[in-house]
1. Only one of these conditions is not met by residue 118: (1) touching a strand residue (DSSP E or B) at 6+ places or on another chain (Cβ under 6 Å); (2) in a helix (DSSP H, G or I); (3) farther than 18 Å from residue 24 by Cα. Which number is it?
2. Could you check, for the stretch 148-159, whether at least one of its residues is surrounded by fewer than 21 Cβ atoms within 10 Å (Cβ to Cβ), outside any helix (DSSP H, G or I) and in contact with a helix residue (DSSP H, G or I) (Cβ under 6 Å, 6 or more places away or on another chain)?
3. Tell me yes or no: at least one residue of the stretch 262-279 is surrounded by 19 or more Cβ atoms within 10 Å (Cβ to Cβ), out of contact with any strand residue (DSSP E or B) (no Cβ under 6 Å at 6 or more places or on another chain) and within 24 Å of residue 349 (Cβ to Cβ).
4. Could you please find all residues in the stretch 78-111 being without any contact (Cβ under 8 Å) to a residue 12 or more places away in the chain and farther than 30 Å from residue 173 by Cβ?
5. Can you find a residue in the stretch 106-129 that is closer than 18 Å to residue 17 by Cα and in the same structural domain as residue 45 (by TED's automatic domain parsing)?
6. Helices (runs of 4 or more DSSP H) wholly in the stretch 15-90 with at least 3 residues that are within 23 Å of the chain's Cα centre (by Cα) and over 25 Å from residue 159 (Cα atoms) - which ones?
7. Contact list please: Cβ distance under 9 Å, first residue in the stretch 269-286 and free of Cβ contacts under 8 Å to residues at least 12 places away in the same chain and assigned by TED's automatic domain parsing to the domain that holds residue 343, second residue assigned to a strand (DSSP E or B) and surrounded by fewer than 22 Cβ atoms within 10 Å (Cβ to Cβ), pairs at least six apart or on different chains.
């Protein structure tokens, strides 16, 4: 099981499988290992799936729309109230061993734990201790299903995360005190995601959480107020925030957000791109001051950074980007930039970018839209800068120019050697 990338639970509309202790135990192990858990049920003449990750070529919006057809009401009654210790087994010794494993008791064949469960004597201190340990596994199983239900609760008429077919999803998630990962990556474009909703969801990241991901791209009711109010636990190791297409979040508010980045992070993924208006302009504008502020608040042990935005400085803003690159910690191994709109990008700026990269970098990706074309001479000089990057193994460089040439000019490289060929 340790080699598995995830687990697929196939069950009927009544979720009878959750009454089997072996099933519950394997699901619990899946959750605690942070492996993906998918659930498929056949109902109303067709299969319905909720998945840990989007299906191939499926957007978060499409994922949410597909999963709204999942029979949550019928299934939640079992999966959001499951009790592992009440599960049955064909062989009594299997249940005994699983229960002993859950309370870390040896020998595993000791029958006392099952006897205490069957007696259900709440005055027995040993049984009370057993229940406390069982509750941890039950909380983990319920919280996993609750996390999968949040986006559907926020996009279904008559439902909400505090009353989803009678269940308070957030309280269920919060009861899992050992949970290390919370992923809410399918909230894209939901009008029900407001400032207060966003702040409430981020508060789910308690002290035990090491990985927190949330995608609220295109949620137009999020404003600067949410940015002012949100905070993150100091124990986070991976943080992914997608505020893309944010109509009502300004550059100044994002500068304040940079100051809230936990110092403990090892991986940071930010999408702070503005909203694209009918004329093709991304608003509100983003400036290099945001990059400079990020440079001042980079965690010292950061190993991976992904950043998506626009860059709207009149002078191109490359100095701010260079400042960020020059302050990257030596621990950083993977770096990715995507500028959805960089109108004032000039081809020679790519040289400055490669010149500022840390020599310890192993992976680098940059995408630039709507600026000048990167000419061969610029690539020759960039290639000379790449030659000093001894540790660089993977390189991706993609640019698509503005249309002022009468057509779009494109550069598309996917290896170090492709760019180095210009130095020959």
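1. (1)
2. Yes, some residue in the stretch 148-159 is surrounded by fewer than 21 Cβ atoms within 10 Å (Cβ to Cβ), outside any helix (DSSP H, G or I) and in contact with a helix residue (DSSP H, G or I) (Cβ under 6 Å, 6 or more places away or on another chain).
3. For the stretch 262-279, residues surrounded by 19 or more Cβ atoms within 10 Å (Cβ to Cβ), out of contact with any strand residue (DSSP E or B) (no Cβ under 6 Å at 6 or more places or on another chain) and within 24 Å of residue 349 (Cβ to Cβ): absent.
4. 90, 91, 106, 107
5. For the stretch 106-129, residues closer than 18 Å to residue 17 by Cα and in the same structural domain as residue 45 (by TED's automatic domain parsing): absent.
6. Of the helices (runs of 4 or more DSSP H) lying wholly inside the stretch 15-90, those with at least 3 residues that are within 23 Å of the chain's Cα centre (by Cα) and over 25 Å from residue 159 (Cα atoms) span 21-32.
7. Between residues of the stretch 269-286 that are free of Cβ contacts under 8 Å to residues at least 12 places away in the same chain and assigned by TED's automatic domain parsing to the domain that holds residue 343 and residues that are assigned to a strand (DSSP E or B) and surrounded by fewer than 22 Cβ atoms within 10 Å (Cβ to Cβ), the close pairs are 277/283.
The values are calculated or read from the model by the stated rules, or taken from the named source; none is laboratory data. Values in this document were obtained by computation on a predicted structure and should not be read as measured data. All Cβ positions, glycine included, derive from the backbone under ideal geometry; neighbour counts span all protein chains shown.
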